[in-house]
Amino acid sequence: MGTNKKDKLDILSIGKDMNIKGVNVDEAIIALAQSGVSQADLEKLKAITRAAAELNSLPVVAVADFTETAGAGTYTAEVTIPAGAFVLDVMWVNSALWTAATSAAMNVGDTTDPDGIFAAVNVKAAPALGAFLSYQRKDAGVGAYAGTKLLQYAAQDKIKATVTTEGAAGVAGRSRMIVTFVNPPAPVVAAKA
C-alpha cells in the first residue's frame, strides 16, 4: 500500500479514532464479514488498521490458522516482522488436538533459528484444550519453550511455524499461532544536563 502524506494522516486519524473509541478491530471485521461486505473491502480494512497500528506504535496481532487434513505432510505459516520491531509474544493454541496416526510435531522460530521459539511440541497432546503456549511466559511443557532471547529484529524477518504429521489418519487438528509485535516510534533522546 503506497502511502503519501495525506494517506498517512488519514490512517493516523482512523487509528486514533478507533483506539479512543475502544473498537475491537477483529470484532468489527467479523461483523462486516457477516453483513455481506466483499472480501476485497475486508482486505482493505485489514491493511488500513494494520498500517494505522504500526504508525501509532500500537501492537499488531497476526494470526495463522492450521487445519489438519488426511495424509502425512507439513503445514507451514509465516508472519512477517518489520525491521526494528519487537515481538511481544508468540502463542500457540489448539482448538482440537491433532490426530495423525503416528505423530504431529510443531516447531516455531525465525529465519536464523527455525525452532527457537517452540521445539518439537507434540500437538496431539499439548497444549491441552483451553490452554495455550506462550513464548513470553516461557512455557516449558512438552518440548515447548526453546527461546532464550528477546525477539527484536534489526532487519525484516519472519516468524515461521510448521506442523509435521506422519501417518495417514488424522483430520481433527485445529490450531492457531498468534504473533503480537510492535514497531516502536523514534526514540526520545535523553538530554545531558
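The values are calculated or read from the model by the stated rules, or taken from the named source; none is laboratory data. In this text, all values refer to a predicted model and were calculated from it rather than measured experimentally. Here the Cβ positions follow ideal geometry from the backbone for every residue, glycine too, while neighbour counts run over all protein chains shown. Just the protein is used for accessible areas: all its heavy atoms, side chains included, with ligands, DNA and RNA removed. Shrake-Rupley method; radii C 1.70, N 1.55, O 1.52, S 1.80 Å.
Of the candidates A100, A126, A104, the single residue that is surrounded by 15 or more Cβ atoms within 10 Å (Cβ to Cβ) and touching a helix residue (DSSP H, G or I) at 6+ places or on another chain (Cβ under 6 Å) is A126.
Here T164 meets each of (1) surrounded by fewer than 19 Cβ atoms within 10 Å (Cβ to Cβ); (2) under 28 Å from L58 (Cα atoms); (3) modelled with pLDDT of 90 or more; (4) among the hydroxyl-bearing types (S, T, Y) with one exception, condition (2). Please indicate, with yes or no, whether at least one residue in the range 71-91 is out of contact with any strand residue (DSSP E or B) (no Cβ under 9 Å at 6 or more places or on another chain) and either among the aliphatic types (A, V, I, L, M) or within 26 Å of Y153 (Cβ to Cβ) (or both). No: the range 71-91 contains no residue that is out of contact with any strand residue (DSSP E or B) (no Cβ under 9 Å at 6 or more places or on another chain) and either among the aliphatic types (A, V, I, L, M) or within 26 Å of Y153 (Cβ to Cβ) (or both).
Looking at A72, A85, just one residue is modelled with pLDDT of 65 or more, on the phi < 0 side of the Ramachandran plot, among the hydrophobic types (A, V, I, L, M, F, W, C) and open to solvent by 50 Å² or more (accessible area, probe 1.4 Å), and that residue is A72. For V163, the requirement of being of a type outside the set (F, W, Y), touching a Phe, Trp or Tyr at 6+ places or on another chain (Cβ under 9 Å), part of a strand (DSSP E or B) and over 30 Å from A47 (Cα atoms) is not met. Per the listing K158, K192, K138, the residue uniquely at pLDDT 95 or above and either outside any strand (DSSP E or B) or touching an Asp or Glu at 6+ places or on another chain (Cβ under 7 Å) (or both) is K158.
Contact map, the range 109-120: residues that are under 15 Å from T76 (Cα atoms) paired with residues that are part of a strand (DSSP E or B) and among the acidic types (D, E), Cβ distance under 6 Å, separation 6+ or inter-chain. Pairs shown: D110/D157; T111/D157.
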